Structure formats: C-alpha cells, structure tokens
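Enquirer: Can you read through this structure? Questions will come right after.
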Amino acid sequence: MILIVDDDFSVTASIGLLLKQEGYEVMGVAGPEEALGILAKREIALVLQDMNFSRNTSGEEGLELLARIKEQHPALPVILITAWGSIDLAVAGIKAGAVDFITKPWHDDQVLSVVKTALGLAVVDDAAEQTGRDELDERFSFKGVIGQDPSFLRILRMVGRVARTDAPVLITGASGTGKEVVAELLHRNSSRSRDPFVCVNLGGISTQLFDSEMFGHVKGAFTDARQDRQGRFAKAEGGTIFLDEIGDLDLSCQVKLLRVLQERTYEALGSSRSLTLNARVISATNRELEEAVGEGLFREDLLYRLNLIVLRLPTLAERRSDIGPLAEHFLEEAGHVYNRPNVHLAPSGLKWLEGREWPGNIRQLRHLLVRSLLVIDSDLLGAGDFEQAMLLNAEERAGDPLPAVGSMTIAEIERSMILKCLTYYNGNISRVAEALGLSRPALYRRLDKYGINS
C-alpha cells in the first residue's frame, strides 16, 4: 500500500490514478494527522507527502510530519512532493530522512521511476550481507573482477543489493581505485544490462561544449553543426550513463544537469522537441563533494540527486590481501598480450608488493607489473626485479617532469600544473597564463572547469 498525503485533492487523485494503473494499491489523505492515523493501523510500504498543508508555505509542516513518520516508522521510505522553486526545502527533507523528492509539475515517468526505485531499495534482498565471494559470484555477474578483501566484499555486496534498482549511485574514491569497473558491475547486474553503458568524462568536456556533448545538436544549431549529432544521454537510451569526474563539472553545467535529472527531459541544442531521459545515472568523483558544497563549488541539490546510494571504494593499501591476486591477474593478462604466459610472482615479490603504499592504487600496480614483465627476463618476479624495473623507469624519467604513465589522467595533470603555477606566481593570472601558454580567458575557463579559486 502506498500512502499519498496532500491537501490538494487533484494531486492525490492524479498520482493515485497513475500508480493504480501500474498495479499499485494506493490511499490518499489530506493532512498529517490522518496520515499518522493510517500508519498506526495499516501496513504501508511507501509514503508520498507534500511539504505544505495550509496557507503557510514554509515547509515546516512537511518537515514536522516527516520527522514524526521517521520517529515512529524508521524504515518506512518517504518521498517528498515540492515545487521546483523549493528544492532547498526538499534537500532539507532529504537530510531529515526522506529517500527522494519529486517536483510540481511532475512528469508521470519521473514519478513512476522514483516510486519503483524507493520500493526496490526497501525490499532488496539482505541475504547477500554476510555472503562470501564464491556465493556472490553464484548470485551475480562479477566475472573478471578480482578481490575478496573484507573492505572490497562490502562494495560487491552493496552492488548486488542495489544493481537491480534504478537508484542513482555516487561512487567515490581515490584515482585508480576502480570506479569505472564498479559502475560497469552495476550496469551488468541491472535490468538494463542489454542496453548501452555510456561513459562520459566530465572533466574533459569544456563548458562551451557541454550542451552539444550531453544533449546533442541539430544541423545548423551553430556554425560548425553540419549534421545532426546524438548526445550522450540519447546514446544511453534504455541503459546506463556513467558521469565520471562529476566533481569537476562547472557550476553553470551543474544547473543544466540538475534539471535533466529532475525533469527527466532535455532538448538537443537548436531543437525545440523535448526528449525523455531513459537511463540510469551513475556518477563518480575523487573529490569530497560535501567539502565542495561548503566551498560553493558544487550544488547541494545536485549532490542529493546523485547520492541516493554512495559507494566509497577502498584504496589498494586498505585491501592489501587483494594485492597478490590482482598482481597475478595482471601478469596473466599481460602475458597473453606480450606472449609471456609463464611469468608469475615469487614469494619475495609478493611480500615487496604488499609492503608498498601504492598512491596510484590499482592503476599504479598494474603499470609496474606490465613494465616488469616487459623489461625483466625471469619468469619468476621477485623483489629485486620490481626494484630494477622501478630504477629503470626512474632513469628513463631523469629530467622528465611528467608522472608515470597510468598514474594520472590528462585532466589531473592539467589541473595540477595550473595549481603549481598559481602557487609559484602568487596568483598572478597574467604570469600564470603566460607560463602555461594560454590567454587569460582560456585560463579563466580552465579555472572554472576545475573549480579552482584563483
């Protein structure tokens, strides 16, 4: 049973009819006291509640009702109904325990998606909570993913729990921890697995190209638009769109993304035809978005649209028991590519690998292993072999200011160099732009892109 609480009968009637047509059992009431009375007597699976029940539009009544519901029924999911101009109020409700919110006027597809997701998360199978890796592999498609350290198993269990819902997932963690791999696992184990998985590196898209890249454009939309072009959202139709480096997105682009996620519709550049977003959204960042919100670099309302589920990936140093299996996997993989199938780890090599900190995480480990396989003749790689490979790498890089291959992305290198120049020239924009070979406007665009406060 779904309970709808709104003093506007047209709202309870229209949403109720929509849900009934989808096979849900629905009941509508006009105010908080009626709602609490129903909750005390009946088994309710989900509540959709308005934020205002009188002429007072502050939302205090809605927050009070939400607090009383969560106090009496902590596990009951609650979805808020609010106006687009009151999203700050909805965010306050999310902080108070609501699972999601919809805005007036709503789209039917949006309501159904939010309801389905909330109910799906409420009834997910908890049996996977204590299962080991072998049992997880029997239940889910985790083939090719290496790891059974307790910290990594927690991630796999959560993937198994939420994959079949359409809940938005935010994956956080340091560079090289495998955020894209986890996003692909969520897609592979979802009901959307037969449709596209589209990966978008938002850190590599400039503010000027955001609309065209994400929404597409029609012929003639701008000077170089010689033909229609499908955007990333359209390419992900029916499947999953993975928004990598979401923390690097410009504030003006964040507003556009928020509207798409909220309304589930968008328009191609130069077109007036509305397109429907039918894709699950998974995002990832190596930044602390809560801190970015506090610094005014990331919208709080967008954060709460993205992070219904948060997966924080452990660093490689936090899952040391996986270093050996990962190393053997990378050696086997590289052995097939470079025709050296018999290369393995010696005990001293494993001990040496497990003793390092790996600031570049899995990406750095893989790079060292592939390099060692290429430059060391032995089929049994020990500690000395890895040290020799690192020494050769250091000798080759003598005088080379660039980081090791695979340890940083182009966007990360660019951002780091800008920060280094700003520090060196004490924030003098003209000197920084000259040193980087950029015009001042080009430098300002990059400062906006990377969220750098000059």
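Enquirer: Out of all the residues in the range 186-215, which are of a type in the set (A, V, I, L, M) and exposed (fewer than 15 other Cβ atoms within 10 Å of the Cβ)?
Expert: Leu209
Enquirer: Assuming Val218 fulfils every condition listed in (1) surrounded by 14 or more Cβ atoms within 10 Å (Cβ to Cβ); (2) farther than 29 Å from Glu412 by Cα; (3) at pLDDT 90 or above apart from one, which condition is it?
Expert: (3)
Enquirer: Working carefully through the options Leu185, Leu153, Leu202, Leu209, find the one that is more than 20 Å from Ile246 (Cα to Cα), without any contact (Cβ under 8 Å) to a residue 60 or more places away in the chain, among the aliphatic types (A, V, I, L, M) and assigned by TED's automatic domain parsing to the domain that holds Glu291.
Expert: Leu153
Enquirer: Within the range 336-360, track down each residue that is surrounded by 13 or more Cβ atoms within 10 Å (Cβ to Cβ) and closer than 22 Å to Thr177 by Cβ.
Expert: Residues satisfying the conditions are Leu345, Leu350, Trp352, Leu353, Glu354, Arg356, Trp358, Pro359, Gly360.
Enquirer: Only one residue in Thr117, Thr177 is closer than 22 Å to Glu263 by Cβ and buried (at least 21 other Cβ atoms within 10 Å of the Cβ), so which one is that?
Expert: Going through Thr117, Thr177 in turn, the sole match is Thr117.
Enquirer: Take the residues of the range 406-450 that are over 23 Å from the mean Cα position of the chain (by Cα) and assigned to a loop (DSSP other than H, G, I, E, B): which is modelled with the lowest pLDDT?
Expert: Within the range 406-450, the match that is modelled with the lowest pLDDT is Ser439.
Enquirer: Please determine, by comparing only the residues of the range 294-324 that are assigned to a loop (DSSP other than H, G, I, E, B) and in contact (Cβ under 8 Å) with a residue 60 or more places away in the chain, which one is surrounded by the fewest Cβ atoms within 10 Å (Cβ to Cβ).
Expert: Only one residue fits best here, namely Glu295.
Enquirer: A follow-up question, please. Could you say whether any residue in the range 45-67 is over 20 Å from Thr103 (Cα atoms) and outside any helix (DSSP H, G or I)?
Expert: yes
Enquirer: Related question: Would you tally the residues in the range 227-283 being assigned to a helix (DSSP H, G or I) and touching a Pro at 6+ places or on another chain (Cβ under 8 Å)?
Expert: Number of matching residues: 2.
The values are calculated or read from the model by the stated rules, or taken from the named source; none is laboratory data. Small disclaimer: the values here were computed from a predicted structure and weren't measured. When we count neighbours, we look across all protein chains shown, and the Cβ atoms used for this are built from the backbone with ideal geometry, even at glycine.
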